[in-house]
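The values are calculated or read from the model by the stated rules, or taken from the named source; none is laboratory data. Everything quoted here is computed from the prediction, not taken from an experiment. As a convention, Cβ positions derive from the backbone with ideal geometry for all residues, glycine included, and neighbour counts pool all protein chains shown. Keep in mind that these areas ignore ligands, DNA and RNA; they rest on the heavy atoms of the full protein, side chains included. Shrake-Rupley method; radii C 1.70, N 1.55, O 1.52, S 1.80 Å.
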Amino acid sequence: VFALPVRGSEGLYMVNGPPSFTESTTFQRDSGKNCKVVAFSKDGSLFAWCNGEKVNVVNVSSAELLHSFDLPKAVCLEFSPKNNVLATWQAYTTAKDGTAGMPNLQLHDVKTGKCLKSFIQKKMQNWCPCWADDESICARNVNNEVHFFENNDFNTIANKLHLQKVNDFVLSPGAQPTKVAVYVPGSKGAPSFVRLYQYPSFGGPQSALANKSFFKADKVTMLWNKKATAVLVVASTEVDKTGASYYGEQTLHYIATNGESAVVQLPKTGPIYDVVWSPNSVEFCVVYGFMPAKATVFNLKCDPVFDFGTGPRNAAYYSPHGHILVLAGFGNLRGQMEVWDVKNYKLISKPVASDSTYFAWCPDGEHIVTATCAPRLRVSNGYKIWHYTGSLLHSYQVPSEEEMWQVSWQPFLDGVFPAKAVKYQAVPSELPSAEPKPAQAYRPPALRNKPVTSSKLHEDEPPQNMKPQSGSSDKPMSKTALKNQRKHEAKKAAKQEAKADGNQEPAQSSVPQKTPRSAVPAVTSGDPEVDKKIKNLKKKLKAIEQLKEQAAAGKQLEKNQLEKIQKETALLQELEDLELGL
């Protein structure tokens, strides 16, 4: 049975997960009103929280209290991947006389409870040291360089990565060797860059596995895939210079450890709302473009694999096994979720979780929790547990004067839950489905008894496998095909314009109007050979026409060009004969 801790003004308590949804009797409810933070260990076996007096650590299955640290002001907690270290952080304060404050980042040995090391860590952002999954190395960013410790020995810095100014770094997940992605912001006209290194070879730029530089970046988000073969970088600017977007401008870059890199071409302009790697590490999904947003799955060549069309969405979540993808519209959108079977790209269900501020897959790959939490929303706080087939299995709303601040699943290591086949039939549920009543649009009194006419601001584009088939292939286009298509469309548009301009000219212009190419083979003789000859003759006559224009403009023609012009009458005669079928 897995647990869901719920933290709010009613205190901190654990709820048993599906199928019972009852409050856990093993974990004693902590009814204090100021539980600031909770944390599970990576395998879900340990649980820690700060209740405003102490930081407590318990064993989840037995609820036995392992440690109690006297840290009333702790606001951040995190366990190292193998449960050897508990990191705690409290706000940094300086003394009244301006002398340096006390170290505010503590690393505690989980087995003995003693403090291994204290650091001064002023900023809350990126406060926690990062460990490799096997804890062989641990790293933190200190004054724009990355310090590495080995085997949890925090008294000696084993290695340093020093570049101009390392703003951020991310260690790769999974087994050794550990790789590091670092971001250095640009300054004085130099571009920003992200570099990938393999620990511990941090020589010069030559020792980097890959490097990608770009200009438009005030901040970046770096996302490793699970197999640690590639990083996606979302680079964003605070301000969009073109004024197209209030949210600044984003670009998406792909960098692989083998040195390859690319800009991911997104066919719709607008913000990038979300980027997620599939757990299989060979595909990623991007939600992007002005509303209604587009969602597309790309492969490692950054070519589109599947296009979900457009819809009211700003987030994407792969299930832990990667066989289901949920596209959702939370925050300022209505909470519509689309649950897709990724293998066959078929829609499984479309549940609606309105006013949600939080979404998370259960580690079993079957269940989902959505929640409305304060301070993002102060009213109707609570959580709902769903099955991905769209059934609402459990719903809890806090009493109106109370608030809920957080709910989350107890984590489990990969492989604890086997992947199951995807179901399409909604699983049975005691609760009625939570379909909200569609809000009626306001209609002025004059129109109330008349038939409703649909007036959509924009038509949603359907997913690519639901589009009407027009002889075109189902496969999304590659980058070059897209480029060519764009060129072709531009040419077409230019031709149309030229034609339109041409029609406005006075009729007495002596130069015959160029007919658009498509209008030429209107008359066919039925014999392809003859048609070919006619086409060639017309081509020659057109060339002569151009030469005559040049001569009229006073250009000196070559001998062979003059000879060409003399052949005009013969060619005209030949063309006439062919067209009359003589």
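Per residue, the range 100-180 exposes 50 Å² of accessible surface when a 1.4 Å probe is rolled over the protein heavy atoms with every protein chain present.
Computing the accessible area with a 1.4 Å probe over protein heavy atoms, can you report the carbon and sulfur percentage for the range 341-444? Kindly include the intermediate steps, with their values, before the conclusion.
Details: 3230 of 5820 Å².
Of the solvent-accessible surface of the range 341-444, carbon and sulfur hold 56 percent.
Taking a sphere under 13 Å around the Cβ of N104 and counting the other residues whose Cβ falls inside, with K and R at +1 and D and E at -1, yields a net charge of +4. What is the Cα centroid distance between the range 1-38 and the range 525-582, reported in whole angstrom? Comparing the Cα centres of the range 1-38 and the range 525-582, I get a distance of 88 Å. Using the Cβ-Cβ distance between S187 and A256 with R0 set to 30 Å, the FRET efficiency from 1/(1 + (r/R0)^6) comes to roughly 0.65. Gain on full extension, evaluated as 0.36 nm per residue between V282 and Q485 minus their Cα-Cα distance, stands at 70.4 nm. Here V75 and A441 are evaluated by their C-beta separation; at R0 = 41 Å the FRET efficiency comes out at 0.35. Put the Cα centre of the range 272-321 next to the Cα centre of the range 256-270 and the gap is 13 Å. A Förster distance of 35 Å, applied to the separation of the beta-carbon atoms of N211 and K350, puts the FRET efficiency at 0.25.
Over the range 534-580, average the accessible area per residue using a 1.4 Å probe and give it in Å², no decimals. Mind dumping the intermediate values first?
Values: 3720 Å² over 47 residues.
Here the residues of the range 534-580 average 79 Å² of exposed surface.
Overall shape of the range 129-257 was characterised from the C-alpha gyration tensor. The equivalent ellipsoid obtained from it has semi-axes of 28, 15, 13 Å, in decreasing order. Each Lys and Arg adds +1 at its Cβ and each Asp and Glu adds -1 at its Cβ; summed about the Cα centre, the chain shows a dipole of about 1360 debye. Relative contact order of the chain, taken over Cα pairs closer than 8 Å and 6 or more residues apart, is 7 percent. Listed by chain and number, the aspartates and glutamates placed with their C-alpha closer than 16 angstrom to that of K542 are E563, E568, E574, E576; residues fewer than eight positions away on the same chain are left out. Taking the Kirkwood radius as the inverse of the mean 1/r across Cα pairs, report the Rg/Rh of the range 264-415. So for the range 264-415, dividing Rg by the Kirkwood Rh gives 0.98.
Solvent-accessible surface of the range 264-415, averaged per residue with a 1.4 angstrom probe and all protein chains in place: 36 square angstrom. Each of the peptides 560-568, 57-65, 364-372, 133-141 was scored by the mean count of other Cβ atoms within 10 Å over its residues; in descending order, highest first, they stand as 364-372, 133-141, 57-65, 560-568. Within the range 1-44, name every residue whose backbone N is under 13 Å away from a label modeled 7 Å from Cα of S61 along the Cβ vector. 1-2, 44, by backbone N distance to the label point.
Under the simplified labelling scheme, the E574-L377 pair shows an inter-label distance of 7.8 nm, with each label point 7 Å from Cα along Cα→Cβ.
Spacing of the modelled spin labels on L557 and T94, each 7 Å from Cα toward Cβ, amounts to 8.7 nm. Kirkwood hydrodynamic radius of the chain, from the reciprocal of the average inverse Cα-Cα distance over all distinct pairs: 29.2 Å. Here the range 1-78 exposes an accessible surface that is 51 percent carbon and sulfur, computed with a 1.4 Å probe and the other protein chains kept in place.
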